[in-house]
Amino acid sequence: MKTTTPLLVIVSGPAAAGKTSLAKQLAEKKSIPAICKDDIKESLFDSLGYETPDWVEKLEIATYDLLFYLALTMLKVSTSLIIESDVTPYFNEERIQKIREQCDFRILQIACRTEGETLVKRFHERMNSGTQHPGHFEAYYLAKSEEFRESLQKGYSTTLDVDSDVIVVDTTDFAKIDYGQLLSKIIV
């Protein structure tokens, strides 16, 4: 069933919750684009550098500007898509509303939640694996922010307060995710 009103799927959750993996798998199965925040940010790191946390913060803002620009461009031509990000001051209801002022689309939010200790373990493993782009400065944020550590231990983050359905997905054990159920909710 093809609908004329495009669907914006927002996959959100805390760091290391599996947002990117989930978004890319769903996009592949539904044959729609996935725009992942860290893919954009790492491209900016590679092009512009990442020497200081202050500079990385500027690139973070640019990342969200690009993420929303790309989403708007696709939604304007009735292309459904998935975007992936944690909910931050730069990823907010106001930005969604600005896109809604320019085109009509539906929203489905998929909120990744993970058992707190599992999330903390995954985050540390990723940080120590050598696979994470060095521009993320995760050790810096861990050392600096008690709030960040507490947010990891909580295991979830907020969703956007927008007119949408919200599906909470437990990503503690990826093998237990019901992909069929998720895919059935992504009607494009």
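General observations
- Selection status of T5, loosely packed, with under 15 Cβ neighbours inside 10 Å and either part of a strand (DSSP E or B) or in contact with a strand residue (DSSP E or B) (Cβ under 9 Å, 6 or more places away or on another chain) (or both): yes
- A single entry from A71, A62 fulfils the requirement of being surrounded by fewer than 19 Cβ atoms within 10 Å (Cβ to Cβ), in a helix (DSSP H, G or I) and among the small types (G, A, S): A62.
- Subset of the stretch 32-41 (residues that are touching a residue at least 40 places away in the same chain (Cβ under 8 Å) and touching a helix residue (DSSP H, G or I) at 6+ places or on another chain (Cβ under 7 Å)): P33, A34, I35, C36, K37, D38, K41
- Residues in the stretch 26-40 that are out of contact with any His (no Cβ under 8 Å at 6 or more places or on another chain) and surrounded by 18 or more Cβ atoms within 10 Å (Cβ to Cβ): L26, A27, K30, I32, A34, I35, C36, K37, I40.
- Residues (among the β-branched types (V, I, T) and either loosely packed, with under 14 Cβ neighbours inside 10 Å or at pLDDT 95 or above (or both)) located in the stretch 41-59: T52
- Residue pairs meeting the criteria (Cβ under 7 Å; at least 6 apart or on separate chains; first within 11 Å of T88 (Cβ to Cβ), in the stretch 55-66; second charged (D, E, K, R)): E60/K41; T63/K37; T63/K41
- Some residue of the stretch 114-123 being of a type outside the set (F, W, Y) and closer than 19 Å to A27 by Cβ: no
- Selection count where residues are touching a strand residue (DSSP E or B) at 6+ places or on another chain (Cβ under 6 Å), modelled with pLDDT under 95 and of a type in the set (A, V, I, L, M, F, W, C), scope the stretch 60-96: 1
- So E117, is it among the acidic types (D, E) and within 24 Å of K176 (Cα to Cα): yes
- Total residues in the stretch 87-129, condition assigned to a loop (DSSP other than H, G, I, E, B) and small (G, A, S): 0
- Qualifying positions in the stretch 72-89 - under 16 Å from I35 (Cα atoms) and under 12 Å from the mean Cα position of the chain (by Cα): I82, I83, E84, S85, D86, V87
- Of the criteria (1) modelled with pLDDT of 90 or more; (2) assigned to a helix (DSSP H, G or I), which one T172 fails: (2)
The values are calculated or read from the model by the stated rules, or taken from the named source; none is laboratory data. For clarity, every value in this text was computed on a predicted model and none was experimentally measured. Positions of Cβ are backbone-derived with ideal geometry, glycine not excepted, and every protein chain shown enters the neighbour counts.
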